[in-house]
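The values are calculated or read from the model by the stated rules, or taken from the named source; none is laboratory data. Because the structure is a prediction, the values reported are computed rather than measured. FYI the Cβ positions are ideal-geometry reconstructions off the backbone, even for glycines, and counts take in every protein chain you see.
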Amino acid sequence: MAEPALDLSPSPGDEARTTTCYMCACRCGIKVWLQDGQVRYIQGNREHPVNHGVLCAKGAAGIMQHNSPARLRKPLLRVGERGSGEFREIEWDEALDLATSWLKPIRARNPDELAFFTGRDQSQALTGWWAQQFGTVNYAAHGGFCSVNMAAGGLYSVGGSFWEFGEPDWEHTRLLMLWGVAEDHDSNPIKLGLGKLKARGARIIAVNPVRSGYGAIADEWIGIRPGSDGLFAFALVHELLRMDRIDLEFLVRHANAHWLVIDNPGGGDDGLFARDAEGNALCWNTQANATTDANAIDIAPAVVGEYMLPDGRKARPVFQLIVDRYLDPRYSPDAVSERCGIPANTIRRIARELAEAAFDSNLTLPIAWTDSWGREHAEMVGRPVAMHAMRGISAHSNGFHTCRALHLLQLLLGAVDAPGSFRYQPPFPKPVPPANRPGRTRKADGVLDAPPLGFVHGPEDLVVDAQGRPRRIDHAYSWAYPLAAHGMMHTVIRNAWAGDPYKIDTLMMFMANMSWNSAMNTGETMRWLTDRDEAGEYRIPRIIYSDAYASEMVAYADLVLPDTTYLERFDAISLLDRPISDADGASDAIRHPVLAPETQDVEGRPRDVRGFQSVLIELGARLGLPGLANDDGTPKYRDYADYIVRHERAPGVGLLAGWRGEHGESHGKGAPNPGQLQRYIDNGGFWREELPEHARYFKMANRGYLQWAQRFGFVPNDAPIVLQLYSETLQRFRLAAQGHGAIQPPPGHRERVATYFDPLPIWYEPFEHEQASRTRFPLDAVTQRPMFMYHAWGSQNAWLRQIAARNVLYLHPETGATHGIADEDWIEVCSHNGSIRVQAKFAANVQADTVWTWNAIGKRKGAWRLAKDAPESGRGFLLNHLVSDLTPRGDYANADPVTGQAAWFDLRVSIRKAAAGSAAVSAPQFPPLGFDQADPAPLRYGAGFRRGKRR
Amino acid sequence: MHPAISVIAFTTLSGAGFGLWAWLGLRIAFGGPPGMYEGIGWAIGLLAAAVLVAIGLASSFLHLGRPARAWRAFSQWRTSWLSREALLAVACFGAMATVFAVGRSGFHPLLLRGAGGLLAVLSLATVCSTAMIYASLRPIPAWSHRLVVPAYAGFALLQGALLLPTFTSTALARGGLWWTSLALVIGLAAAKLRYWADIDRGPDMPTRGQAIGLPHRRATVFEHPHTEANYITREMAFVVARRHARLLRGVALGLFALLPLVLLGLAAARPATSIWALPLAAACSLAGALVERWLFFAEAKHMVTLYY
Amino acid sequence: MTMLPPPSKVKLGLVIDLDTCVGCHACATSCKAWNSGGISGPLTDEDPYGKHPRGVWFNRVHGYELEADAATRQPAQTLHFPRSCLHCETPACVTVCPTGASYKRAEDGIVLVDADKCIGCKLCSWACPYGAREFSETEGVMKKCTLCVDRIYNEKLDAGDRQPACVQACPTRARHFGDLGDPRSDVSKLVAERGGVALMPELGYAPVNRYLPPRPRRVGEHTHQQPARTDANAGSLTQRWLNRLLKR
Ligand SMILES: Nc1nc2c(c(=O)[nH]1)N[C@H]1C(S)=C(S)[C@@H](COP(=O)(O)OP(=O)(O)OC[C@H]3O[C@@H](n4cnc5c(=O)[nH]c(N)nc54)[C@H](O)[C@@H]3O)O[C@H]1N2
Ligand SMILES: Nc1nc2c(c(=O)[nH]1)N[C@H]1C(S)=C(S)[C@@H](COP(=O)(O)OP(=O)(O)OC[C@H]3O[C@@H](n4cnc5c(=O)[nH]c(N)nc54)[C@H](O)[C@@H]3O)O[C@H]1N2
Ligand code: SF4
Ligand code: SF4
Ligand code: SF4
Ligand code: SF4
Ligand code: SF4
Ligand SMILES: [Mo]
């Protein structure tokens, strides 16, 4: 018999369209092959700067996401009780009329009665601006419960951050330390980078209580006890100082190590920088034996000692304070070893390794460059030690300071934007802290003076009333959480329910599954959403929600605005928002409809859905918001695509930086270009401007870079950016708490502010560790991101749910033995906040006092149109029921005291075998949602694509 | 391995049928002149065996994903035992038809004896081919065991031997055939006991370390590629509790060895009982074979389980 | 067809680097996405939104823990292990096939199933020690990795896309594709350099695919065992820093 004749060149599809993936926030470039009006295949775009052609498991399963039966089809108006999931389908006109009729009186009465909170989306450049036009201070995106500790920790220290604003120098680093990273937003760039490190033989150290994923391929795993990274970092700092293996030259050139700090205990100037009449910070010039402008060059600044200022006050250089604090024996490896769960010798060894990699590698790049002061350098001297950190640091109530501790460590090694180290991604670095302050006052036309989110520089920027009480529903920028730069989405529902500090009328949310996996204290959250007051009215009177799918949160909305899928709409991945740049270039991108929703039905039933951004723009026009309606009341913008192209934030600055100017001739700034979107589409959906070679490192003081960045509007001028080892901003708050200045915290917050606004990084026990009994709750419990799932939405994906349709609680076999638990037993897990029943599974790749599970696999029964007996609901579970939204003491949100970041990973639990006879079902269980079940027939996706084939 | 009822029914029923054919064939080939056969019993026997084989084959069709294409299975006899089995099974029907035709249409003793002999050989070969399907699968060490083919053949021959007198002459039950049956029962029981002892000792499986290319490392499972069952785990990672297996082995042994032994003894002691005792022994043996076959699947570990 | 062709000169296959694989499953879903509409599609999914979701995959990613190994001074490790067809040179999955549906291509050694001939007897899946064949309940036929034969030669794709979907997607670039029959090919060199292994060669199936074992873990071997500087106390350190002439 002959081999069958194969068609080795079958058509891969009728056409391929390049756009941007949206299955997570990484925003990779994709090439979507279409056939017969359906998605044939999705591949990575090889030209794209983010992913260079690779894809992750989610991105590659986009077909099933786009075709999910859980897609919403039409606007929905609630008919049943809130939370039941019973709705009536309505027309868009009715939906928009209704929303307008709810929102219009609010704007007239008090715009703050609208709380507009958006999830983990990427249109904050629009949504924040829209809230500003509406005039409410009550706006935020999800960052407050996600990674604001990383963002703020970085932006208040080094003008960039780990999070999404920086990356390791994958080409040159010799040693990478990963602190608490499972997956991160930069999923594919990190994986590509790790692959490169492996190929080059660079060493990788993973600091993580769990050894999985990235940790699995690391050379060394440091199974740290959760919440103790700051101590570990301090011990490394201690060792580096002790060995005198630090880059003092770097510290005085790029950081404020030599700046003089006034030493005047009890005085209103204590801890502030000594400044001259012009406000320039001073240092001690050892050549002149006098103070001088700390930013002057060709001086010999002192970094230790105590000096007398011309006016007689005493002052010490920042570095002296660092020495005093971190050389203290309480930060020696021996002192921290037990708390961190890391042998002291290991800490000493790693400190040596860091120093050797940084200083003995002799890495130089033969690239000439000019620094900010006009000095020319023939080469770039490397410090090939890179660090990357994420939510293992961030999601603790001591995360802000821990993040700063890591930046301190990097700075001591000179490993910030030097070859081989952590590198900034444009538009970063920015001046420290970034200039834009949160909007606080409404102008005559009701528009807020600035977007609601920004960076406070001192107590005067807080959003509090005259008595110092919060003015925002989430209490962000209040004395309780002064630097809450991303808002505090995790407090909104409780506060709106409690009317703290006031009652709101409408809660509008977009893309956040707040009644389930993104809530802390999920069970209570559902109660707050449905609770009624004495008059029988819902305590949260109205909830408008936009989702694309039948999520748990949809069931709690009064009005549901159905969004398109990511292949059906325009989006801007803007430099004004969460940029996708890499260290060698600035980029932005778009999404554009590769399919029309009208043609993409659900189980044969048509869909009438609209991109939320366009809906928001129409709603704004209907409300007559300045900026969205013309004076005659007509809409300013046709839809989001029109807005992307025509809207100017500042003259010449719009959502997209590429192909501006009438004919697309200018990049960065320029007049709107009507053909801009087409230019993007023609270019594969993205724009990238590569940095000149001489501008790629030392961006904080590289004239070539700063001038380039200024041209693009990333920085206001080309002045060098001084990295802040010591944060005067924090000290200002502390002084206020100590009774200085015009604006002071109410008495109840004073001690807290004074304690946690330390200008140098500190470490303290996470609140739950300190306040919940160590004997009753002896274990740490954390979650990790599965690489193949995206939070809530993965489980509706027929392919992804085959990888994991249930989760288990992983624990070390020894831990199991200690607690009388056998492998695969059902167990009871308790925290101070509640208890859950789950299945245990032994794995030895976890620190023995930590238990963990995959995040967000557990689903509410009936959600996502999964079968009522789907394993996700019967066997899967959420740790969120255990995670309290308040500290055990109940006085503050379960959050970082500086930034308000949700402290998901502070969770402490006890475990015991479930009572004999209890069902093999996870608990708690909730009544099933009223969505109907998806068609149970087998899927034969792709069968139709085999043209001319007999079947 | 997943004990699919269709396959179990196929191997056991067709096994019995082929066994009966084998004995009938031998009887025709080497017995007294066929014309002197006891009535038309031999013809009924041939047909009864055909029915068993046909039911078995039909049930094997249920195992196929695409039964309509079953004809394709004849093509690969050069390498595939399944193909060989299929061809041989069809050939058996051919041989049986010849025996039938020749036997009914007149008297061609040599031709008839030849056809009978052929039927016997083909039947045994078919059973052995069936066994070889399993015995040739190296990834399932419990199947590539040297006693698999003998056991398959043994069951077929035993059941055939126990059934033969029913269709020919119960007188047979007292002569050589009785002794043969006795030997088969004992041999089969010994073979199965030995087989079970062997697989209990742990079949010759590579380690998980070897399976993942790291023979010097000890590996334990952290996570499966899928949390729910799929084809691979359902088909090849079937697990039967040890307790159950022991119990079922006892049941099987009782059915295919102990009860037939007792019944054979009874038939010897009281020849009049052989009219029902022998068919009953055959039925017991068949029931025992069903249990034994279920275990043959359920207890066999596929190497893919190393990955799970 | 079931007879194996004489050994081909070209032996196309995959080389999978276990040192770099992070277990992300991208290879698994990208494979499913391409092949669903490819020559061996559809890769059906039974009970897709129900209690027992399951379907056909050509590639699955396992996770293991490796115990510490004293002999080689290797610590305990977590290992991710993608498993797909190894395109064996002498595979019983082909020779057992009664219909000729399973075959090994003479030209490049790729092992395929001709879905139009397969009767779904499942024997080939029993014969594969590596669990690389999956049966579609819905289609009633056997399915397996095609080595993306409809991509690697596909003239309708850009040259850069003519590689298996899993190789193209793999975000750590732990997967490599090429001719293992040619000792000068990149993949052969990689195998030689990294000591690539075949899985269970003792079974005699002669897999073409190779796995690159994890590189030895290096815990602190590059550091001198001596502290760089012996204990300095804070005072003497401060003195040293005081005397240091730093230029800004
Ligand atoms: N225990 C525990 N809980 C956690 C975390 C943890 O680590 N542990 N992490 C926290 C963090 S950092 C985050 S960011 C949150 C994330 O949690 P969520 O914000 O709940 O996560 P998402 O999965 O992004 O889903 C939000 C909603 O967006 C909807 N959606 C998806 N695509 C679209 C679209 O195109 N348009 C619209 N309108 N809606 C869409 C989905 O259907 C879903 O309902 O979870 C938090 N919760
Ligand atoms: N595939 C996928 N990718 C995603 C997401 C997703 O849902 N799926 N979500 C996106 C979102 S919204 C976010 S915020 C990012 C988050 O990206 P990551 O920060 O990578 O996310 P987590 O999974 O929360 O990882 C936290 C890690 O920290 C470890 N850890 C916990 N406590 C500690 C500690 O005290 N110290 C140390 N050193 N480690 C600790 C945990 O074991 C875990 O490995 O991922 C984004 N990317
Ligand atoms: S990492 Fe994956 S899901 Fe996220 S954008 Fe990239 S391909 Fe899409
Ligand atoms: S891996 Fe399995 S399916 Fe692939 S060729 Fe080898 S034996 Fe056949
Ligand atoms: S299932 Fe199909 S490919 Fe496999 S052996 Fe049977 S006929 Fe051949
Ligand atoms: S080579 Fe192609 S068919 Fe094979 S595993 Fe990779 S993607 Fe799947
Ligand atoms: S795509 Fe690459 S890194 Fe991910 S599981 Fe597959 S081989 Fe491993
Ligand atoms: Mo997040």
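Numbers for the structure displayed
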{"quantity": "In segment A:303-328, residue surrounded by the most Cβ atoms within 10 Å (Cβ to Cβ) [restricted to those that are in contact with a strand residue (DSSP E or B) (Cβ under 9 Å, 6 or more places away or on another chain) and within 7 Å of chain C (Cβ to nearest Cβ)]", "calculated": "A:Val303"}
{"quantity": "Filter pass, A:Ser228 being among the hydroxyl-bearing types (Ser, Thr, Tyr) and more than 16 Å from ligand 7 (Cβ to nearest atom)", "calculated": "yes"}
{"quantity": "Matching residues, segment A:51-67, being assigned to a loop (DSSP other than H, G, I, E, B), crowded, with 24+ Cβ neighbours inside 10 Å and more than 7 Å from chain C (Cβ to nearest Cβ)", "calculated": "A:Asn51"}
{"quantity": "Matching entry among C:Leu86, C:Leu79 (being more than 7 Å from chain A (Cβ to nearest Cβ) and in contact (Cβ under 8 Å) with a residue 24 or more places away in the chain)", "calculated": "C:Leu86"}
{"quantity": "Any pair with Cβ under 6 angstrom, 6 or more apart, that starts in segment B:274-295 at a residue that is at pLDDT 95 or above and ends at one that is not in a helix (DSSP H, G or I)", "calculated": "B:Trp294/B:Pro3"}
{"quantity": "Every pair of residues 6+ apart whose Cβ atoms lie under 7 Å, when the first sits in segment B:219-234 and is within 21 Å of C:Leu66 (Cα to Cα) while the second is part of a loop (DSSP other than H, G, I, E, B)", "calculated": "B:Ala219/B:Ile212; B:Val221/B:Tyr308; B:Phe222/A:Ala843; B:Phe222/A:Asn845; B:His224/B:Tyr308; B:Thr227/A:Ala804; B:Thr227/A:Ala805; B:Thr227/A:Arg806"}
{"quantity": "Of the criteria (1) part of a helix (DSSP H, G or I); (2) within 13 Å of ligand 7 (Cβ to nearest atom); (3) charged (D, E, K, R), which one C:Arg173 fails", "calculated": "(1)"}
{"quantity": "Residue among C:Ala92, C:Ala28 that alone is within 8 Å of chain A (Cβ to nearest Cβ), within 22 Å of B:Val304 (Cα to Cα) and in contact with a Lys or Arg (Cβ under 9 Å, 6 or more places away or on another chain)", "calculated": "C:Ala28"}
{"quantity": "Set C:Lys122, C:Lys117, C:Lys144: member being more than 9 Å from every other protein chain (Cβ to nearest Cβ) and more than 19 Å from C:Gly204 (Cα to Cα)", "calculated": "C:Lys144"}
{"quantity": "Only one of A:Asp93, A:Asp97, A:Asp112 that is away from ligand 3 (no atom under 16 Å from the Cβ), over 30 Å from A:Leu929 (Cβ atoms) and not small (Gly, Ala, Ser)", "calculated": "A:Asp112"}
{"quantity": "C:Gly50 being assigned to a loop (DSSP other than H, G, I, E, B), of a type in the set (Gly, Ala, Ser) and within 7 Å of chain A (Cβ to nearest Cβ)", "calculated": "yes"}
{"quantity": "Subset of segment C:31-42 (residues that are within 7 Å of chain A (Cβ to nearest Cβ) and crowded, with 24+ Cβ neighbours inside 10 Å)", "calculated": "C:Lys32, C:Ala33, C:Trp34, C:Ser36, C:Gly37, C:Gly41, C:Pro42"}
{"quantity": "Count - residues of segment C:69-117 that are within 11 Å of ligand 4 (Cβ to nearest atom), crowded, with 20+ Cβ neighbours inside 10 Å and not charged (D, E, K, R)", "calculated": "19"}
{"quantity": "Number of the exception - B:Ala219 against (1) facing chain C (nearest Cβ under 10 Å); (2) among the small types (Gly, Ala, Ser); (3) within 27 Å of C:Phe135 (Cα to Cα)", "calculated": "(3)"}
{"quantity": "Residue within segment A:777-785 that is touching a Gly at 6+ places or on another chain (Cβ under 8 Å), closer than 30 Å to C:Arg54 by Cα and in contact (Cβ under 8 Å) with a residue 12 or more places away in the chain present", "calculated": "yes"}
{"quantity": "Subset tally (residues that are of a type in the set (Ser, Thr, Tyr) and within 14 Å of chain C (Cβ to nearest Cβ)) for segment B:65-116", "calculated": "4"}
{"quantity": "Total residues in segment A:348-371, condition within 14 Å of A:Ser421 (Cβ to Cβ) and out of contact with any Pro (no Cβ under 9 Å at 6 or more places or on another chain)", "calculated": "3"}
{"quantity": "Residue check for A:Leu272: surrounded by fewer than 22 Cβ atoms within 10 Å (Cβ to Cβ), more than 13 Å from chain C (Cβ to nearest Cβ) and of a type in the set (A, V, I, L, M)", "calculated": "yes"}
{"quantity": "Selection from segment C:147-166 of residues that are under 26 Å from C:Pro48 (Cα atoms), away from chain B (no Cβ under 14 Å) and part of a helix (DSSP H, G or I)", "calculated": "C:Ala165"}
{"quantity": "C:Glu139, sole failed condition from (1) facing chain B (nearest Cβ under 8 Å); (2) closer than 21 Å to A:Lys31 by Cα", "calculated": "(2)"}
{"quantity": "Which numbered condition C:Gly63 misses (of (1) of a type outside the set (A, V, I, L, M); (2) crowded, with 24+ Cβ neighbours inside 10 Å; (3) under 26 Å from A:Tyr810 (Cα atoms))", "calculated": "(2)"}
{"quantity": "Residue among A:Ala657, A:Ala671 that alone is free of Cβ contacts under 8 Å to residues at least 40 places away in the same chain and touching a strand residue (DSSP E or B) at 6+ places or on another chain (Cβ under 7 Å)", "calculated": "A:Ala671"}
{"quantity": "Boolean, C:Ser125 is polar (S, T, N, Q), under 21 Å from B:Pro141 (Cβ atoms) and buried (at least 24 other Cβ atoms within 10 Å of the Cβ)", "calculated": "yes"}
{"quantity": "Hey, B:Pro203 in contact with a strand residue (DSSP E or B) (Cβ under 6 Å, 6 or more places away or on another chain) and either crowded, with 21+ Cβ neighbours inside 10 Å or within 29 Å of C:Lys122 (Cβ to Cβ) (or both) or not", "calculated": "no"}
{"quantity": "Residue satisfying condition, being more than 14 Å from the chain's Cα centre (by Cα), within 14 Å of chain B (Cβ to nearest Cβ), surrounded by fewer than 24 Cβ atoms within 10 Å (Cβ to Cβ) and at pLDDT 95 or above, within set C:Arg184, C:Arg215", "calculated": "C:Arg215"}
{"quantity": "C:Glu65 vs. criteria within 29 Å of C:Glu46 (Cβ to Cβ) and either β-branched (Val, Ile, Thr) or at the interface with chain B (Cβ under 7 Å from one of its Cβ atoms) (or both)", "calculated": "no"}
{"quantity": "Residues of segment A:892-905 classified as out of contact with any Lys or Arg (no Cβ under 9 Å at 6 or more places or on another chain) and part of a loop (DSSP other than H, G, I, E, B), total", "calculated": "7"}
{"quantity": "Matching residues, segment C:8-29, being closer than 28 Å to C:Ala106 by Cβ and either touching a helix residue (DSSP H, G or I) at 6+ places or on another chain (Cβ under 7 Å) or within 16 Å of ligand 6 (Cβ to nearest atom) (or both)", "calculated": "C:Val10, C:Lys11, C:Leu12, C:Gly13, C:Leu14, C:Val15, C:Ile16, C:Cys27"}
{"quantity": "Helices (runs of 4 or more DSSP H) lying entirely in segment B:150-247 (those with 3 or more residues that are within 19 Å of the chain's Cα centre (by Cα))", "calculated": "B:176-200"}
